[in-house]
Amino acid sequence: MHVSAHGEHLLKLTRIGMFNCYLVREEDGFTLVDTNMGGSAASILAAADRAGAPIARILLTHAHTDHVGSLDALRVALPPAEVLIGAREARLMAGDMSLDADEPQTKPHGGFPRIVTRPARTLQPGDRVGSLQAIAAPGHTPGQMAFLDPRDGTLIAGDALTTWGGMTVVGMPNWRFPFPALATWHKPTALRTARALRALEPARLAVGHGPVIEPPTGSAGRGHSRCRAPPRVLGVMILTSTGGRAALSCRPVARPHNPPWTIRGAAATMGGTLTGEKEHLSTMTNNGDMTEIPIDTLAETENYTIWSAAEPDGEKTFHIELGPVTAHFFTEEWAEFLEMIREAIEDKEADSRDDVEVELDWGSLYFARDEWDEFVQLLAAL
């Protein structure tokens, strides 16, 4: 298990490169946030021992197996440790999959293992656990919670967001790491949660899957500033003729910029999803079956592609391939994006610039003059 430090209070513990849990340092020891997959207990205990403090309590964001998998083993090893989880999520951990009347009537997705341990205390939004403040974060599951550390502005968001392969609202498709999206209970609720968490303007973002997003360099000592994503590199996808659209290469176009991470439903993943003449995209449903998602190529230029997908739940999503970055949009965000781009196209000042920046909620896209001209051509073909 890989251990990395983030600020004075946070240690990230990562198993097989993609499953995170966290140790939060308090005066009486550590608060362990989530327990990772089954078989992680010994590594978690060793990490706390090396860091020089005991685990005083176990705090859970939600009840999926990759977050509670080692709970029973840790409870045996740490009898004094208090176990805490949100009151709504405690029902799921106990095996109660029923939904409240005011909740979306969609069956919870993902793996909820049989857990013997019962929480010593259940939480409501606003409750404190050591230094951490509990924040409602439903969507991925009905009762997921996030936890904000006001000492330095760190937000531990569970699976409300992922940062693996780009900042993504968890219900959005991320073809490089699809599992959190596949296990998400209700996507519109997940989007509302992402907006609410964004409004907190955390200084550091820690999630269940993906790297910790750190404050910009030089912000230390000025209070915690708004969290920013790593610099993005936009590439131009160059397709070559090999009897089809099977080959591509990327010419990177680096731009030195750290856009603020914000969320409005649009998201990005690194790694283009080559579509070409395909009419379906194979993916996995929530019950593990393979299914074919119909896709429709809407516009295409030599280097860029716009396509839409009919999701298994009936929702339509829109996607723009720009080399190693693919931008994903819900329908309402797509309409807003098109309106913004059309205003930019009509901006005469933009016509005179060598570079054009398109600032989105998850970051920014940068275009050299010839790239922007091709992007305008792409949109004109819609």
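The values are calculated or read from the model by the stated rules, or taken from the named source; none is laboratory data. Source: prediction; values computed, not measured. Positions of Cβ are generated from backbone atoms using ideal geometry, with glycine treated the same way; all protein chains shown enter the neighbour counts.
Within segment 49-76, take every residue that is more than 27 Å from the chain's Cα centre (by Cα) and among the basic types (K, R) and give me the one that is surrounded by the most Cβ atoms within 10 Å (Cβ to Cβ).
It comes out as R75.
When the residues of segment 4-48 are narrowed to those that are among the aromatic types (F, W, Y) and touching an Asp or Glu at 6+ places or on another chain (Cβ under 9 Å), which ends up surrounded by the fewest Cβ atoms within 10 Å (Cβ to Cβ)?
Of everything passing the filter in segment 4-48, F19 is surrounded by the fewest Cβ atoms within 10 Å (Cβ to Cβ).
Conditions (1) at pLDDT 95 or above; (2) under 14 Å from the mean Cα position of the chain (by Cα); (3) surrounded by fewer than 24 Cβ atoms within 10 Å (Cβ to Cβ), marked per residue:
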residue	(1), (2), (3)
A120	yes, no, yes
T162	no, yes, no
M167	no, yes, no
V170	no, yes, no
W175	no, yes, yes
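Of everything in segment 130-165, what is assigned to a strand (DSSP E or B), in contact with an Asp or Glu (Cβ under 9 Å, 6 or more places away or on another chain) and among the hydrophobic types (A, V, I, L, M, F, W, C)? Give them in sequence order. Explain how you work it out, then say what you get.
First, the residues of segment 130-165 that are assigned to a strand (DSSP E or B): 132-136, 145-149, 154-156, 161-162.
Pick out the ones that are also in contact with an Asp or Glu (Cβ under 9 Å, 6 or more places away or on another chain) and you get 132-134, 145, 155-156.
Those that are assigned to a strand (DSSP E or B), in contact with an Asp or Glu (Cβ under 9 Å, 6 or more places away or on another chain) and among the hydrophobic types (A, V, I, L, M, F, W, C): L132, A134, M145, L155, I156.
Are any residues in segment 94-129 within 17 Å of T61 (Cβ to Cβ), outside any strand (DSSP E or B) and in contact (Cβ under 8 Å) with a residue 60 or more places away in the chain, and if so, which ones?
Those that are within 17 Å of T61 (Cβ to Cβ), outside any strand (DSSP E or B) and in contact (Cβ under 8 Å) with a residue 60 or more places away in the chain: P108, H109, G110, G111, P113.
Given A350, A335, A368, which one is more than 16 Å from L298 (Cβ to Cβ), of a type in the set (G, A, S) and modelled with pLDDT of 70 or more?
None of the other options fit; the residue is A368.
Taking the condition part of a helix (DSSP H, G or I) and within 17 Å of R57 (Cα to Cα), does V76 pass?
yes
What is the residue count in segment 22-46 for residues that are assigned to a strand (DSSP E or B), without any contact (Cβ under 8 Å) to a residue 60 or more places away in the chain and under 18 Å from H209 (Cβ atoms)?
Summing the residues that are assigned to a strand (DSSP E or B), without any contact (Cβ under 8 Å) to a residue 60 or more places away in the chain and under 18 Å from H209 (Cβ atoms) in segment 22-46 gives 2.
Yes/no matrix, rows are residues, columns are (1) buried (at least 18 other Cβ atoms within 10 Å of the Cβ); (2) modelled with pLDDT under 95; (3) acidic (D, E); (4) within 24 Å of the chain's Cα centre (by Cα):
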residue: L78; (1), (2), (3), (4): yes, no, no, no
residue: G86; (1), (2), (3), (4): yes, no, no, yes
residue: D102; (1), (2), (3), (4): no, yes, yes, no
residue: R114; (1), (2), (3), (4): no, yes, no, no
